[in-house]
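K.L.:
To start, I am sharing the structure in question, which I have written as C-alpha cells.
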Amino acid sequence: MKIAVSKCLAGYNCKYNGGNNLESKIKELEENNEVIFICPEVFGGLPIPRIPFELKNDRAINKEGLDVTDKVLDGCYKALEMIKENGVTKVILKENSPTCGVHFVYDGTFSHTNIKGSGLLTRMLKENNIEVISNEEYNEEK
C-alpha cells in the first residue's frame, strides 16, 4: 500500500519549533508499506523553526500577524501533486495542525484551544477524493 504521512509523525524535525511528533506506530508503517513523507509548510518555503500560525477566517496567520496563506497553499499543492504522482491511497496527517488537522484545528487565538475543522491540506485532499485519517484515528486502528 502507498501511504503519505506527515513528516513530523515519523520523527522528522519539521515542526514550527524545530521538533517533531514522533509516533512509533507511524514509523513502523515503513516496514510493510511504501511511505511518502510530506510537510506542506516546508514544501511551501516556510523555515524550520518558524513562527507558528493558525487559521483565522480560512487564512494562515502567524503569531506576529503576518498572513502566510500563499506559502502554505503552495506547499499543499506540492503535497497533493506528490500524492497523486505516487498513487497514494491513504494519507495520515497530524491532528490539530492548521495545515494537516483532520477533525480539529487550533482556533486562531494561539491559546492551544481546538475547534472542529480541517486544515488546508486536509480540505484539498478531500476535495480530490483522497482518503485522509488523523494520526489519532490511525493509532486507534492498531
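K.L.:
Amide H of Phe104: which non-local residues (sequence gap of 5 or more, or other chain) have their own amide H closer than 5 Å, using H built in the peptide plane?
P.N.:
Distant-sequence amide H within range of Phe104: Asn96, Gly117.
K.L.:
Please order Met1, Met82 by the number of other Cβ within 10 Å, starting at the fewest. Please list the in-between numbers first.
P.N.:
On the way: Met1 10, Met82 16.
So the residues, fewest neighbours to most, are Met1, Met82.
K.L.:
Remind me, relative contact order of the chain in percent, using alpha carbon pairs under 8 angstrom and six or more residues apart? Can you show the working numbers first?
P.N.:
On the way: 299 pairs, mean separation 31.2, N = 142.
The normalised contact order for the chain reaches 22 percent.
K.L.:
Would you kindly derive the ³J(HN,Hα) couplings of the range 102-110 from the backbone phi angles with the Karplus curve 6.51 cos²θ - 1.76 cosθ + 1.60 (θ = phi - 60°), listing them in order in whole Hz, with x for Gly and Pro?
P.N.:
Taking θ as phi minus 60°, the curve returns 9, 10, 9, 9, 6, 7, x, 9, 6 Hz for the range 102-110.
K.L.:
If I model a spin label as a point 7 Å beyond the Cα along the Cα-Cβ vector, how far apart are those points for Asp67 and Glu127 in nm?
P.N.:
Distance between the two pseudo-spin positions: 1.7 nm.
K.L.:
Considering only DSSP states other than H, G, I, E and B, which GluC sites (Glu not before Pro) in the range 30-113 qualify as loop sites with at most 10 other Cβ atoms within 10 Å?
P.N.:
Glu64
K.L.:
Next question. Just in the range 1-106: which trypsin sites (Lys or Arg not before Pro) are loop by DSSP and have at most 12 other Cβ atoms within 10 Å?
P.N.:
Numbers: sites: Lys2, Lys7, Lys15, Lys25, Lys27, Arg50, Lys56, Arg59, Lys63, Lys71, Lys78, Lys84, Lys90, Lys94; in loops: Lys15, Arg50, Lys63, Lys94.
Those satisfying the criteria are Lys63.
K.L.:
Is the range 54-128 best put as rounded, prolate or oblate by its Cα gyration tensor, with a ≥ b ≥ c the root eigenvalues, rounded for a/c under 1.5, and otherwise prolate when a/b is larger than b/c, oblate when not? Write out the running numbers ahead of the final one.
P.N.:
Details: a/c = 2.82, a/b = 1.58, b/c = 1.78.
Since a/c reaches 1.5 but b/c is at least a/b, the shape of the range 54-128 is classed as oblate.
K.L.:
Order by neighbour count: Thr99, Thr109, Thr69, Thr122, fewest other Cβ atoms within 10 Å first, most last.
P.N.:
Numbers: Thr99 30, Thr109 10, Thr69 17, Thr122 25.
With the fewest neighbours first, Thr99, Thr109, Thr69, Thr122 line up as Thr109, Thr69, Thr122, Thr99.
K.L.:
Nearest 5 percent is fine: what portion of the DSSP beta bridges confined to the chain is antiparallel?
P.N.:
Working: 8 of 21 bridges.
So the antiparallel bridges amount to about 40 percent of the total.
K.L.:
Where the centroid of each part is defined by its Cα atoms, how far is the range 1-75 from the range 105-142 in Å?
P.N.:
So the separation of the two Cα centres works out to 12 Å.
K.L.:
Classify the chain as rounded, prolate or oblate, taking a ≥ b ≥ c as the square roots of the eigenvalues of its Cα gyration tensor: rounded when a/c is under 1.5, otherwise prolate if a/b is larger than b/c and oblate if not.
P.N.:
Values: a/c = 1.57, a/b = 1.46, b/c = 1.07.
Taking the square roots of the gyration eigenvalues as a ≥ b ≥ c, the chain is prolate.
K.L.:
Could you give the dipole magnitude of the range 1-141 about its Cα centre, charging the beta-carbon of Lys and Arg +1 and that of Asp and Glu -1, in debye to the nearest 20? Walk me through the numbers before you get to the answer.
P.N.:
Values: 17 positive and 22 negative charges, 62 e Å.
Dipole size: approximately 300 debye.
K.L.:
I would also like to ask the following. Using Cβ counts within 10 Å as a stand-in for footprinting exposure, how do Val35, Val102 rank, fewest first?
P.N.:
Final ranking by Cβ density, sparse to dense: Val35, Val102.
K.L.:
How much length would be gained if the chain were fully extended between Thr109 and Lys56, taking 0.36 nm per residue of separation minus their Cα-Cα distance, in nm to one decimal? Provide the component values of the computation, followed by the final result.
P.N.:
Numbers: separation 53, 0.36 × 53 = 19.08 nm, distance 0.84 nm.
So the chain would gain 18.2 nm between Thr109 and Lys56.
K.L.:
Given the DSSP H assignment, sum -39500 (n - 2.57) over each helix run of at least 4 residues in the chain and divide by its residue total; what's the result at 222 nm in deg cm²/dmol, nearest 500? Walk me through the intermediate numbers first.
P.N.:
Numbers: 5 runs with 40 residues, N = 142.
Computed ellipticity for the chain at 222 nm equals -7500 deg cm²/dmol.
Values quoted throughout were computed directly from the atomic coordinates according to the rules given, and no laboratory measurement underlies them. Keep in mind it's a predicted model, so treat the numbers as computed, not measured. Here Cβ is always computed from backbone atoms with ideal geometry, including for glycine, and neighbour counts include all displayed protein chains.
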